[in-house]
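Here the structure is laid out as structure tokens; the discussion comes afterwards.
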């Protein structure tokens with residue numbers, strides 16, 4: 001999900017249609033969700049000059065601060081979890097997890113097809 005619309009800000013502008021397509025949900029559902037997020041000061045919607053119907057979705061400073069705080073906590077947790085583990089051991093662990101995930105995906109596909 002690295003290239004998803006949900007994490008692409010500030011690299012590109014985000015619009016309601018992007019969220020609808022990414023999450024495969026109806027426009028009305030996304031609109032309701034965005035209104036709630038705006039009311040709770042998580043986002044703001046801003047008109048664009050080239051289309052009166054279109055509004056880009058922007059995080060508020062409150063949301064940016066929350067994101068930064070979460071990232072700090074994740075970095076601290078990762079540091080604690082990997083303390084005393086060599087880089088090579090982490091690479092091997094990561095490779096094994098990727099292979100296990102691939103096996104799970106193959107198993108799930110097999111169960112759906114057969």
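The angle separating the long axis of helix 87-113 from the principal Cα axis of greatest extent in the chain is about 70 degrees. Taking each residue as 0.36 nm, the span from residue 39 to residue 99 lengthens on full extension beyond its C-alpha to C-alpha distance by 17.3 nm.
Against the main long axis of the alpha-carbon atoms of the chain, helix 27-39 sits at an angle near 90°. Just how far, in whole angstrom, is the range 19-58 from the range 60-114 if you go by their alpha carbon centroids? That distance is 29 Å.
With 5 Å bins beginning at zero, the pair-distance distribution over Cα atoms of the range 1-83 amounts to 3, 13, 18, 23, 19, 10, 7, 5, 2, 1, 0 %. If you plug the beta carbon distance of residue 28 and residue 61 into 1/(1 + (r/R0)^6) with R0 = 25 Å, you get a FRET efficiency near 0.30. In terms of the mean number of neighbouring beta-carbon atoms within 10 Å, the peptides 33-40, 53-60 order highest first as 53-60, 33-40.
What's the angle, to the nearest 10 degrees (0 to 90), between helix 61-81's Cα axis and the longest principal axis of the chain? Approximately 0 degrees, to the nearest 10. Only DSSP H runs of four or more residues enter the estimate; each adds -39500 (n - 2.57), and after division by the residues of the chain the mean residue ellipticity at 222 nm equals -20500 deg cm²/dmol.
The numbers here are math on the coordinates, done by the rules we state, and not lab data. What you see is a predicted model, and the numbers here were worked out from it, not measured in a lab. Heads up, the Cβs are rebuilt from the backbone with ideal geometry, glycines too, and the neighbour counts pull from every protein chain shown.
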